[in-house]
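To keep things clear, I will list the structure first and then write my remarks on it.
The values are calculated or read from the model by the stated rules, or taken from the named source; none is laboratory data. These numbers were taken from a predicted model, which means no experiment stands behind them. Here the Cβ is made from the backbone with ideal geometry for all residues, glycine too, and neighbour counts use every protein chain on show. The protein model used for the area step is the full one, side chains on, heavy atoms only, and it has no ligands, DNA or RNA in it. Shrake-Rupley method; radii C 1.70, N 1.55, O 1.52, S 1.80 Å.
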Amino acid sequence: MSNPRNGDTKPPCLPRNGLVKIPTQPNGLGSASITKGTPAVKNRLCQPSSVPAILSPALAHRSDLPIPSLASPLSLATLASVSSPPGASLVGLNASEGSEQPSPERLPGSPSERQLAVDEKILNRLFWYFSACEKCVLAQVCKAWRRVLYQPKFWVGLTPVLHTKELYNVLPSGEKEFVSLQGFAIRGFDSFCLVGVSDLDICEFIDNYPLSKKGVKSMSLKRSTITDAGLEVMLEQMQGVVRLELSGCNDFTEAGLWSSLNARITALSVSDCINVADDAIAAISQLLPNLTELNLQAYHVTDTALAYFTAKQGYTTHTLRLNSCWEITNHGVVNMVHSLPNLSVLSLSGCSKVTDDGVELVAENLRKLRSLDLSWCPRITDMALEYIACDLHKLEELVLDRCVRITDTGLSYLSTMSSLRSLYLRWCCQVQDFGLKHLLGMGSLRLLSLAGCPLLTTTGLSGLVQLQELEELELTNCPGATPELFKYFSQHLPCCMVIE
């Protein structure tokens with residue numbers, strides 16, 4: 001967020017992955033990131049704040065709010081101008097008791113304005129309109145605002161991201177001291193992502209975070225050096241963890257999974273971990289009977305692994321994402337559809353050996369699918385889309401990015417799907433204007449991505465204005481997308497977000 005002292009209240013541009021980077025803390029807490037629990041903004045443009053003033057017209061006329069009449073609205077810029085001195089913490093995770101924060105009497109404006117600015121009933125409603133990054137800044141305006149903003153309800157669904165170097169303060173003696181995590185505990189964070197940590201760092205985190213033993217429900221370890229012993233200690237000590245992610249962790253082995261996985265885990269993600277192969281899937285299948293979601297990116301997993309799942313998991317598991325599992329073939333798909341018949345979300349992204357026959361098996365046996373990802377499957381052709389259109393009547397999302405053999409004929413099959421809401425055709429190099437005409441009658445479509453499709457022209461794209469219910473249209477790196485076309489869309493698709 002721009003410095004409010006300069007009067008610029010334009011919010012920061014959030015990265016596409018939903019991460020919000022928090023500047024370094026002068027109070028020894030280091031920097032942190034807060035990421036939303038869902039990647040809903042990955043395809044969206046950065047939007048300006050929807051609340052330009054503390055008293056918006058919508059709030060000013062709410063009869064259920066005790067708002068005294070004011071001569072003029074009290075703007076956010078005015079109130080934010082009394083924030084902490086330069087160099088003060090933007091997050092305020094554990095601000096010292098002696099930090100100078102203005103009291104209500106020191107706020108600008110008339111007494112009635114000052115009273116309004118700290119009215120907790122109003123603030124409890126108002127702060128819902130701000131992003132996580134803006135809330136971090138607003139918490140520094142005064143103690144009253146911090147007290148309201150530090151309620152756990154304002155931070156639900158957000159995950160702090162802590163890097164190993166940010167977990168320690170260097171004392172004058174040269175020794176390291178683990179930072180205080182009390183500010184996180186006050187806000188009730190039950191999900192954490194630790195980057196680059198070791199076994200010792202994890203033990204320190206468990207000892208220093210008050211909610212670690214029972215209150216943390218989700219843990220993500222990325223690019224970390226955790227070993228079998230560290231993994232076992234973490235899952236033994238943190239009894240509340242039901243969601244676990246291991247990404248880029250190359251020091252634990254399959255034996256570590258056998259010794260540490262606990263039946264309480266319901267969601268597991270493992271990616272870019274070089275020691276994960278078929279035996280790891282055997283451990284997962286036998287030790288996690290209540291598994292509902294499995295996300296796996298493992299280059300050494302073969303068809304055999306997909307036959308390990310038990311009847312219990314066949315009943316409970318509804319989400320399976322196999323990303324870049326290069327050794328998986330149609331034989332593995334056979335094992336999967338028989339082991340996990342109740343899947344509603346399936347990704348075979350990057351499973352380059354899967355062909356149309358594999359998709360036919362999916363379509364015939366997994367009729368409950370609502371989301372299917374076949375991106376980066378170069379052997380998929382129009383025939384696979386015919387199978388999908390004929391059998392998957394509940395499908396709402398279909399991802400076909402980089403399926404280079406799909407043509408306009410395949411799109412004609414998809415045009416019969418009345419439930420499809422999201423269709424991704426990024427870098428489908430054979431799709432032409434004629435194929436787009438098949439999609440114009442799909443009134444259910446809310447999201448359409450045509451990024452990188454080289455054969456689409458301005459004329460063909462302009463016909464998309466017939467999709468009046470469309471909410472998001474992605475045309476990044478699309479040669480036919482001209483400035484004139486975007487202007488045309490702004491006039492004829494006013495409710496659609498067009499990504500240039």
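With the highest mean first, a sort of the peptides 110-116, 330-336 on other beta-carbon atoms found within 10 angstrom per residue produces 330-336, 110-116.
In this structure, the amide hydrogen of MET497, modeled 1.01 Å from its nitrogen in the peptide plane, lies closer than 5 angstrom to those of GLU472, LEU473, counting only residues at least 5 positions away or on a different chain.
Compared with the rule-of-thumb size 2.2 N^0.38 Å for a compact globular protein, the range 115-154 has a Cα radius of gyration ratio of 1.01.
Rounded to whole numbers, the Karplus 3J(HN,Hα) couplings from phi for the range 436-441 are 4, 4, 5, 8, 5, x Hz, using 6.51 cos²θ - 1.76 cosθ + 1.60 with θ = phi - 60°, and x at Gly and Pro.
Near PHE489: Cβ cut-off under 13 Å, other residues only, Lys/Arg at +1 and Asp/Glu at -1. The net charge is -4.
Within the set of other residues whose C-beta is less than 13 Å from the C-beta of THR317, count the net charge using Lys and Arg as +1 and Asp and Glu as -1. Write down the numbers at each step before the final one.
Values: positive: LYS312, ARG321, LYS368; negative: GLU293.
My count for the surroundings of THR317 gives +2.
Excluding PHE154 itself, what net charge comes from residues whose Cβ is under 9 Å from its Cβ, given Lys and Arg +1 and Asp and Glu -1?
On the way: positive: LYS135, LYS153, ARG187; negative: none.
Neighbour charge sum, excluding PHE154 itself: +3.
Our note on the geometry: Cα centres of the range 169-205 and the range 379-431, 47 Å apart.
Counting only C-alpha contacts under 8 Å and six or more residues apart, can you give the relative contact order of the range 115-154 as a whole percent? Don't skip to the answer; put the middle values down first.
Numbers: 23 pairs, mean separation 16.2, N = 40.
Rounded, it is 41 percent for the range 115-154.
Heavy-atom surface analysis with a 1.4 Å probe gives the range 121-218 a carbon and sulfur content of 55 percent of its accessible area. For the range 156-275, build the convex hull from the C-alpha positions and give me its volume per residue in Å³. It comes to 97 Å³ per residue, whole-number rounded.
Return the carbon/sulfur percentage of the accessible area of the range 338-486, one whole number, probe 1.4 Å, all protein chains in place.
On the way: 2910 of 5800 Å².
Taking all protein chains in place, the range 338-486 shows 50 percent carbon and sulfur surface.
Give me the 1.4 Å probe accessible area per residue for the range 297-406, excluding ligands and nucleic acids, in Å². Don't skip to the end; give the middle numbers.
On the way: 4400 Å² over 110 residues.
For the range 297-406, the per-residue accessible area is 40 Å².
Name the long-range amide H neighbours of GLN297: under 5 Å, sequence gap of 5 or more, or other chain; modelled H, no Pro or chain starts. Those lying under 5 Å, H to H, from GLN297 are VAL270, SER271, ASP272, ASN323. Against the empirical 2.2 N^0.38 Å (N residues), the range 338-462 has a Cα radius of gyration ratio of 0.98. Taking the three principal axes of the alpha carbon atoms in the range 297-406, the coordinate ranges are 36, 32, 18 Å, sorted in descending order. Whole-percent P(r), the range 421-499, all Cα pairs, 10 Å bins from 0: 20, 62, 18.
Against the empirical 2.2 N^0.38 Å scaling, what ratio does the C-alpha Rg of the range 271-346 come to?
Working: Rg = 11.1 Å, N = 76, 2.2 N^0.38 = 11.4 Å.
That works out to 0.97 for the range 271-346.
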